[in-house]
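The values are calculated or read from the model by the stated rules, or taken from the named source; none is laboratory data. Quick caveat: nothing in here was measured; it's all calculated off a predicted structure. Note that each Cβ is placed from the backbone with ideal geometry, even for glycine, and that neighbours are counted across all protein chains shown. The accessibility values were calculated without ligands, DNA or RNA, using every heavy atom of the protein model including side chains. Shrake-Rupley method; radii C 1.70, N 1.55, O 1.52, S 1.80 Å.
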Amino acid sequence: MNAMLESAQSIIRNTAKGLNLPDKTIDRLLTPEKIYEFLILKKFKAFRVQHNSLLGPYKGGIRFHPNVNLDEIQALATLMTIKCSVTGLDFGGGKGGVVVDPKKLSETELEELSRAYVRAAYPFIGTDKDVPAPDLNTNSKIIGWMVDEYIKIQKSKSKIQTVDEKTLSYWRATFTGKPIDMGGSLGREEATGRGGVTVLKALLKKLATKNHSGLSRIWTSQIDINSTVAIQGFGNVGYSFAKIASESGFKVTAVSDSKGAITGNKLLPLDIPLVMQCKKEKGYIAGCYCVGGVCDLRSGREISNDELLELPVEILVPAALENVINGQNMSKIRAKIIVEMANGPITEEAHEYLTKKGVVIVPDVLANSGGVIVSYLEWLQNVRNEKWDVGRVNEELEKIILKAFDKVWNRSVEKKISLKDAAFEVAIERLVEKM
Ligand code: NAD
């Protein structure tokens, strides 16, 4: 069993035992309901794991990567069950993948692969069955091909000559993360970052009150919306988080991508849109420190990716890779709050160490759930044949994520447990109620 699956299962098992759940129930929480393994275009191994449907149709991305394997897909499907449950969505957990290096395929081959996946998965996906989305190396363009293929098959199976808009919209709900003109939702691109910033602001409000029962033993009353933030990763999630956090008043003082990091001297804030503009021009962040206010002060500098994680900022946001905060560097982390925007950026060992030290960690299943929440809103708009403006989407996203945060926060305070343990408890209880 791979480490990710082992870790996902161990936290579910331990939480369930803590809640005194019987072995049979624990088994039900751990065991996927269905596992599909198939070959597409005669040579690409493909998977779809449908982990749990107690709360609604399975929901989860499809990834294209040479290292995809069944254990990884099962682990990710399991975590989707927890994520959908903790956020209160009427979705279960699923995940799919194809063992392929998409960079070695031409666009035509990529399209053929995407369509072939849908032809194979057609019998077990659908608006009320299983709703895939983009994931690693898949995007709205690929989902566009997939939904087009799905609709072609639906049309030929149902033998309907002309499909009305309502039926078409309902069929389109089989996938989320679609291009806007194919039924995608406004606000999806920024949703994960927006959700993370919303949760961070809510956390700061709670920590500013006196009755947080020592959740953090570090004096946090100094941390507010003007606090300094370092962000690892400047892709979809990292950039949106950085942009929205800056607009909200946070001082985003360091950002990085795979090639390096930059910071403002004395932790002065960076001009995030300008950093992005520079990254687009140069292709990477390192060397982009001379932008905006930082350049005027001649005080920006390039740092390594490791240094970024160890900066004396108040808030650290890993938004790139898994296991980046681990046994090797945990004692060097100086942030007082960590928002897990990537999936699994903190190892269990480091989580335990930092929590004991008093660092407040917002767990990934909550912090980065903005993406799946807006996926749900996309599904809902399609099912109802509606199109919402971005204001409505953002409003609904914030309502859902804040409700989830409150539940997790209250549980954490009540039982004096970490936000991660609280999130798993809340999620598992909701699933067990449904059983
Ligand atoms: P992305 O590919 O758009 O961006 C990843 C970023 O990380 C890039 O800027 C890349 O240069 C950077 N990066 C890679 N290696 C790095 C390193 N060693 N040091 C610093 N930066 C590095 O991906 P994304 O969609 O932004 O996803 C980031 C993380 O968030 C992943 O763990 C993903 O699973 C998770 N996540 C994403 C979403 C979403 O909606 N996109 C939702 C939930 C979780």
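Here is how the numbers come out for the structure above:
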| read-out | value |
| --- | --- |
| Extreme residue, positive dipole direction of region 42-123, given options V118, L55, V86 (C-beta unit charges) | V118 |
| Protection-proxy order for peptides 45-53, 320-328, each taking the mean of Cβ atoms within 10 Å per residue, highest first | 45-53, 320-328 |
| Where trypsin sites (Lys or Arg not before Pro) fall in DSSP loop in region 398-435, at most 12 other Cβ within 10 Å | K416 |
| Lys, Arg +1 and Asp, Glu -1 on Cβ, resulting dipole of region 2-147 about Cα centre, debye, nearest 20 | 80 debye |
| Heavy-atom accessible area per residue - the chain, 1.4 Å, Å² | 43 Å² |
| Protein accessible area in region 234-369, 1.4 Å probe - carbon and sulfur % | 48 percent |
| Rg [Å, one decimal], Dmax [Å, integer] - the chain, C-alpha atoms | 21.6, 67 |
| Cα-centred dipole magnitude for region 297-422, charges only on beta-carbon of K, R (+1) and D, E (-1), debye, nearest 20 | 400 debye |
| Residue-level accessible surface for S140, protein heavy atoms, 1.4 Å, Å² | 50 Å² |
| Nonlocal amide H pairs with T127, under 5 Å, H built at 1.01 Å | T174 |
| Portion, in percent, of the accessible area of region 122-200 that falls on carbon or sulfur, probe 1.4 Å | 51 percent |
| Compactness of region 110-179 - radius of gyration and Dmax, Cα, Å | 11.5, 36 |
| Part-to-part distance (alpha-carbon centres) for region 368-427 and region 85-106, which is given in Å | 19 Å |
| Furthest towards positive pole of dipole, L21, A3, A46, structure part region 1-47, Cβ charges | A46 |
| In sequence order, calculated HN-Hα J values of region 302-314 (Karplus, 6.51, -1.76, 1.60; Hz; x Gly/Pro) | 8, 10, 7, 4, 5, 4, 4, 5, 9, 5, x, 8, 7 |
| For q = 0.09, 0.10 Å⁻¹, Debye-computed log10 I/I(0) when each Cα of region 70-204 counts as one equal scatterer | -0.31, -0.38 |
